[in-house]
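Structure first, then comments.
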Amino acid sequence: MSVQPAHNLSLEEMDKQSFLHPYTPLKDHLDSGPTIVAAAKGVNITDTQGKEYIDAMAGLWCVNIGWGRDEVVEAIAEQAGKLAYYHSFASMANEASIRLADRLLRLLPDNMSKVFFGNSGSDANDTNVKLVWYYNNLRGKPEKKKIISRIRGYHGVTVAAASLTGIPMVHNAFDLPLAPMLHTEYPHYYINAEPGMSERDFSKWCAAKLEEMIVAEGPDTVGAFIAEPVMGAGGVVPPPQGYFQEIQAVLRKYDVLMIADEVITGFGRTGNWFACETYNIEPDIITLAKGLTSGYIPMSASVISGDIWQVLMNGTPEVGAFAHGYTYSAHPVAAAAAMANLDIMERENLPANSARMGTYFQNKLKQELADHPLVGDVRGVALVAGVELVADKAKKTPLDADLKVAPTLAKYCVEEGLISRALMQISALSFSPPLVINEGEVDEVVGRFRRALNRITDELVKAGTWKPQ
Ligand SMILES: Cc1ncc(COP(=O)(O)O)c(C=O)c1O
């Protein structure tokens, strides 16, 4: 192998020649090239052309404390100087991750007992799948292995996590989902409820469909159900009224574990520390990532209940050591970043700010957008929101996907200096800003969005591809 000589390409050209971008239309990227982010502060990011944007998505729903928090940067530097790395296999440990596990358990529901650390939401959900399988093998139920998630649920992209994800684009051409992963109804009241059905009845219907699936598959073959308390990438769908109460009654009846994927909803996003509190969810396993470190450095966690822990611990004499773990599990630098992140969240009471600013944000979005002819639904809770676009407001007719209205709108938002996100295979855009956002910034987000929306509306009307109904 020869060493290539250094070349003099622009960063954009170097990117096109060398970088395989995640979740990117690869061929289009060769024409459009990258947007290179150079710096960020508070809720704003700046690209290499000097253009500033409000990032109303906090990166990928993750920078909960906002950018440029020196305290976290210093904690990272200090920990890296003292102990940059050590593993946690074979009883090895480091102080930062011990303290973090202890702190998380004090914030999480009382039945939670042990924290396993990973590096991403996807690998944490893979861990959860393996934990369910391991747990059921150890308690003598080797058939109880299927995991039910939901159509349009999002749980990541590794082989098991992508199988849990219920979005066809994530499966296509990847030979997924794996056979033991099943998908039950999309709990999206606006789209899926029969006309005249109350939210409560829709929740009952979702639970009945889940029960039907469990019974059809055989309750002895179903190990767990996984759900995001508020669906994120699948459309920003808060649970319909009473949803988790109805669902949990079914799970208890058939001895099926409840996994709450709090990767987006954790750490203040829904106005409480965790959405399990917001929606009275009683999980057996919780997935954490994103807001755990606010993205300053990767880290995730799978948290298990005392009941699961007892089975794992008692099984050790039979199966030997718990043979699962990553080189970077419980990384001390990530744990130090998480501790500093949690210090900020506690001191500034960011879950409460999320509740307060969230009310302002949701009201403002509704005021400014609900009457717009292209907007079918404005929904969300605290600082996570979705705007669904429709062809016909009264009939809730979806827009023709070929028109690419949502991605074009997201592009126009960028031109207005606003990052929002066009979601996959649904005409909806999402917002999930840093929890430190203030009223003036919320006003800017909604104002810029409204300008971009008016622009695309005018264009569609002019082109004759859509008209207000
Ligand atoms: C609810 C949920 N779970 C899991 C994941 C996967 O996390 P990661 O991208 O860190 O692997 C995501 C990512 O957006 C998510 O939203």
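The values are calculated or read from the model by the stated rules, or taken from the named source; none is laboratory data. Just so it is clear, the model here is predicted, and its values are computed rather than measured. Note: ideal-geometry Cβ built from the backbone for every residue, glycine included; neighbour counts use all protein chains shown.
Assorted remarks:
- Screening Ala391 on (1) touching a helix residue (DSSP H, G or I) at 6+ places or on another chain (Cβ under 8 Å); (2) of a type outside the set (Val, Ile, Thr); (3) not in a helix (DSSP H, G or I) shows it passes everything except condition (1).
- You will find that of Glu199, Glu185, the residue that is within 24 Å of Gly380 (Cα to Cα), charged (D, E, K, R) and crowded, with 16+ Cβ neighbours inside 10 Å is Glu185 and no other.
- Listed here are the helices (runs of 4 or more DSSP H) enclosed by the range 148-236 that have at least 2 residues being aromatic (Phe, Trp, Tyr): 189-192, 199-217.
- Residues being more than 7 Å from the ligand (Cβ to nearest atom), closer than 17 Å to Pro187 by Cα and not aliphatic (A, V, I, L, M) - total across the range 146-162: 4
- Output for the range 275-333, where each listed residue is away from the ligand (no atom under 13 Å from the Cβ), under 19 Å from the mean Cα position of the chain (by Cα) and in a helix (DSSP H, G or I): Cys276, Glu277, Thr278
- Residue within the range 48-55 that is within 16 Å of the ligand (Cβ to nearest atom), within 24 Å of Asn438 (Cβ to Cβ) and in contact with a Lys or Arg (Cβ under 9 Å, 6 or more places away or on another chain) present: no
- Just one of the listed residues (Asn94, Asn136, Asn111) is away from the ligand (no atom under 16 Å from the Cβ), touching a Lys or Arg at 6+ places or on another chain (Cβ under 8 Å) and touching a residue at least 60 places away in the same chain (Cβ under 8 Å), namely Asn136.
- Odd one out for Lys114 among (1) within 20 Å of Ala334 (Cα to Cα); (2) touching a strand residue (DSSP E or B) at 6+ places or on another chain (Cβ under 8 Å); (3) assigned to a helix (DSSP H, G or I): (3)
- The set of residues from the range 137-159 being within 22 Å of Ile247 (Cα to Cα) and of a type in the set (A, V, I, L, M, F, W, C) comprises Ile147, Ile148, Ile151.
- Options Ala224, Ala233; residue that is closer than 17 Å to Ile167 by Cα, at pLDDT 95 or above, in the same structural domain as Thr127 (by TED's automatic domain parsing) and not hydroxyl-bearing (Ser, Thr, Tyr): Ala233
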